[in-house]
Structures are given as structure tokens and as C-alpha cells.
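Undergrad: Here it is: the structure, laid out below.
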Amino acid sequence: MRLIERYEKDGTVIEVDSLLTTSDAVIDIKQIMVMNSGEVLFCFDTVQDRNIMTESADVFIAKYKDYIGTLEKKAAHADTGCGCKSCM
């Protein structure tokens, strides 16, 4: 297994510390792992539920394809928290 910072497939780019806003949650991408088998996994949590979840990249993208356009990269700011819209 190895960790990567950016995953790109078919024009979709997902980076560690990106936020994806769905109709009922904000998903925070924590890690992107490439397994020895070549499978890519995303580890993420939501603002509402801080439990880390893991899903294959293909399943994650298919599940949230309607929301991929909402992806934004978090930027850390010492004075305002993590940088997401709710902290600013």
C-alpha cells in the first residue's frame, strides 16, 4: 500500500483535503491509498459523522457523481479553522 495526494481518472480529480458537498453532508477526503493490487481507496469522513469510512475510488465516484462539481480544496488558516466554508 502507498498513499497518494491526488487521484485522477476520466477527467475527475480528487485530492486529499478536498471537500465534496452532497445534498445531506459535506465529505472530507482524508487519505487516498493505492493497494498492492492496484485498487484505489478513499478514506473520508463527514462533518456530521466523524468516523473514518473507506470506499473504492470507482464506487465513491459513481455514488457521488452528481456532486463531483462541488469539490473544493481546503486551505488551512490559523485564524479561521480548517478553511472550509463553515469555519470561515
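What follows draws every value from the coordinates through simple rules; no lab data is involved. Remember, predicted model here, so these are calculated numbers, not experimental data. Please note: Cβ atoms are built from the backbone with ideal geometry, for glycine as well, and neighbour counts cover all protein chains shown.
Undergrad: Dipole of the stretch 1-81, Cα-centred, from +1 at each Lys and Arg C-beta and -1 at each Asp and Glu C-beta, to the nearest 20 debye?
TA: In debye, rounded to 20, the stretch 1-81 gives about 140.
Undergrad: Now for a different question. Using a simple spin-label model with points 7 Å from Cα along the Cα→Cβ vector, what separation in nm is obtained for Thr12 and Val59?
TA: It works out to 1.4 nm between the two label points.
Undergrad: Just from its helices, what would the mean residue ellipticity at 222 nm be for the chain, if runs of 4 or more DSSP H residues each count -39500 (n - 2.57) and the sum is divided by every residue, rounded to the nearest 500 deg cm²/dmol? The partial results should precede the final answer.
TA: On the way: 1 runs with 7 residues, N = 88.
Value at 222 nm, helices only, nearest 500: -2000 deg cm²/dmol.
Undergrad: Under the rule a/c < 1.5 gives rounded, and otherwise a/b versus b/c splits prolate from oblate, where does the chain land using the Cα gyration tensor?
TA: Cα axes put the chain in the prolate bin.
Undergrad: Do any GluC sites (Glu not before Pro) in the stretch 1-47 lie in a loop, going by DSSP, with at most 13 other beta-carbon atoms within 10 Å of their beta carbon, and if so which?
TA: Qualifying residues, ordered by number: Glu5, Glu39.
Undergrad: Could you tell me which trypsin sites (Lys or Arg not before Pro) in the stretch 9-52 are loop residues by DSSP with no more than 12 other beta carbons within 10 angstrom of their beta carbon? Walk me through the intermediate numbers first.
TA: On the way: sites: Lys9, Lys30, Arg50; in loops: Arg50.
Sites meeting the loop and neighbour criteria: Arg50.
Undergrad: Would you mind working out the magnitude of the charge dipole of the stretch 1-42 relative to its Cα centre, with +1 at each Lys and Arg C-beta and -1 at each Asp and Glu C-beta, to the nearest 20 Debye?
TA: Here the stretch 1-42 has a charge dipole of around 160 debye.
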